[in-house]
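Just so it is clear, none of the values below were taken in a lab; they were calculated from the coordinates. Keep in mind the model is a prediction, meaning the values are calculated, not measured. No Cβ is skipped: glycine too gets one built from the backbone with ideal geometry, and neighbour counts run over all protein chains shown.
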Amino acid sequence: MWDDDYTGREMPAQQFSINPKTHSYHNNRIIFNIMKNTKQIQLSEHFSLREMTASGTAMQLNIDNTPDEAQTECLRNLCQQVLEPLRKRFGVIRVTSGFRSKRLNNAVGGVICSQHLLGEAADLHISNREVGRKMYDYIRNNLDFDQLLFEHRMANGCIWLHVSYTKRHPNRHDARPVYL
């Protein structure tokens, strides 16, 4: 029997099948419940592990996007050193991509050496260019960071900030606009 914490009732194990390639359950509700229980960890005052690992693509493709302890610690550092100060200055921040497992990174077309794989990077939704520029300037002038990209997709006008923080080496403070 499986204890379904979401509904509080037990469900027979035979109702669920395991995908042998991913070792995950085919029932998205069960995946959600397992993730809900393991990802309630707060990384900082306003950011949770769940928020930093959430992915629609992972849910659609049934990809496990759970970081290990080292990756979780990197996410904690990123949240505490960059995202919390940014939130205190600008209010609520929407993370569109945080940690990515190797399989998820491949599925979304991420670069092979992406800091998202290590838990060192986050992409932030930007409502407009003016707000994006203010956030970019604040990070660049006030915070310790490894990489800061003001990204803009020419085809659809979508804009976001990519920011990373590492403890593997001194942060590079590499800040630049990128147009895709």
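Between S97 and D123, the built amide H atoms are under 5 Å apart, and every one of these is 5 or more places off in sequence or on another chain. Between A175 and L148, the built amide H atoms are under 5 Å apart, and every one of these is 5 or more places off in sequence or on another chain.
Assign unit charges at the C-beta atoms only (+1 for Lys and Arg, -1 for Asp and Glu), then state the dipole size of region 85-159 relative to its Cα centre in Debye, rounded to the nearest 20.
Details: 12 positive and 7 negative charges, 47 e Å.
That gives a dipole near 220 debye.
Charging the Cβ of each Asp and Glu at -1 and of each Lys and Arg at +1, and nothing else, the dipole of region 54-180 about its Cα centre rounds to 320 debye.
In region 55-180, one over the average inverse separation of all distinct C-alpha pairs is 14.8 Å, which is the Kirkwood hydrodynamic radius. Restricting the GluC sites (Glu not before Pro) of region 30-139 to loop positions (DSSP other than H, G, I, E, B) with no more than 12 neighbouring Cβ atoms within 10 Å leaves E45.
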